[in-house]
1. Just rank A:GLU102, A:GLU116, fewest to most, by other beta-carbon atoms within 10 angstrom.
2. What is the spread of the Cα atoms of the stretch A:103-245 along each of their three principal axes, largest first, in whole Å?
3. Across the residues of A:216-222, average count of Cβ atoms on other protein chains within 10 Å?
4. For A:ASP159 and A:ASP133, what is the calculated FRET efficiency with R₀ set at 22 Å and r taken between the beta-carbons, to the nearest 0.05?
5. Hey, fewest Cβ within 10 Å first, where do A:HIS72, A:HIS94 land in order?
6. Once the convex hull of the C-alpha atoms of the stretch B:2-42 is built, how many Å³ does it hold per residue, rounded to a whole number?
7. Once phi is turned into θ = phi - 60°, what whole-Hz ³J(HN,Hα) does the Karplus curve with 6.51, -1.76 and 1.60 give for every residue of the stretch A:220-225, x standing for Gly and Pro?
8. Going by how many other Cβ atoms sit within 10 Å of their own, how do A:GLU112, A:GLU197, A:GLU124 line up, fewest first?
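Computed from the coordinates by the stated procedures, all read-outs in this text should not be read as laboratory data. If you're wondering where the values come from, they're calculated on a predicted model, not measured in any experiment. Every residue, glycine among them, receives a Cβ derived from its backbone with ideal geometry; neighbour counts consider all protein chains shown.
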Amino acid sequence: MTATGYDEDTDRSPSPAPRRARGIIASVVSVIGELLITAGVILALFVAYSLWWTNVLADREANKQGDQVRKHWATSGPKGPGALDTKDGIGFLHVPAMSGGEMLVKKGTDSEILNEGVAGYYTEPVKSGLPQDKKGNFTLAAHRDGHGAKFHNIDKLKDGDPIVFESKDTWYIYKVYATLEETSKYNVDVLDAVPKESGKRQAGRYITLTTCTPVYTSNYRYIVWGELERTEKVDADRTRPKELR
Amino acid sequence: MYGWIWRHLPGNAWVKAFISLVLVLAVVFVLFQYVFPWAEPMLPFNDVTVDRGMAAVR
């Protein structure tokens, strides 16, 4: 690879013309080799970026925004304006089975929003219901890997596991009743107000979690459905419901 | 290529090594800060939502 390497070598060549040709070929090959090594290093760096650095950034951002929401809740009155502030985030999702702590829930599922390390509720193609609605399906998406990877352990959720949504004044306790381990990414029916694929036929208060599967790819979607079991008023100390203790 | 860069850096081996390290770090910074965030949405690794297909812009 060094210049001296093939200089010494080519000194033994009989005539100058082939010597120069060999030198040119050798440098071309060495440049191609170095470019290939460089490409490999860049790809490795990209993996580190996707699986580690985006998590660092997203967690930092989500914590900052989550603190803001909590501060906002603490300062505004019990029934004052801001009971539902969709800009900063509407509340927190707690899923003990995924063991990732709380995740902020914001409006929208654009990548700019999900990349902040939050779970987003759908505005399109099917508009999500909200937990306080009498009937509806609260549909959420979050990243499986990178950008906070909030739904990384979605496969750990089994029927009967609690999914708790915390709003400013209410705990909504959902229980998982169906999962769909692999479905097409175009299967928007899973977001219906009455998700028929989960086996339900009647309007109710449902929650739907969607993310990509298998891990590290996004060929398919993984769906988890839950149904509201009960709600609890948030008390002054924000005592957690028994599912989260 | 890298040999050429090495030969054209000023100073002795230590200075060259230091400048090389700074250059490598600068390249990594540019990749993480600008190139990867730009390239990532074009790669099919991190779409998590269901949608109506290519017609629907997420």
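1. Values: A:GLU102 17, A:GLU116 21.
In increasing order of surrounding Cβ atoms, one gets A:GLU102, A:GLU116.
2. The Cα atoms of the stretch A:103-245 stretch 44, 34, 27 Å along their principal axes.
3. On the way: counts 2, 4, 7, 2, 0, 5, 1.
Mean partner shielding for this stretch: 3.
4. Details: r = 24 Å, r/R0 = 1.08.
Computed FRET efficiency for A:ASP159 and A:ASP133 comes out at 0.40.
5. Taking fewest neighbouring Cβ atoms as first place, the list is A:HIS72, A:HIS94.
6. On the way: hull volume 2.7 nm³, N = 41.
Hull volume normalised by residue count: 65 Å³.
7. Couplings: 10, 10, 10, 10, 10, 10 Hz.
8. Lowest to highest Cβ neighbour count: A:GLU112, A:GLU197, A:GLU124.
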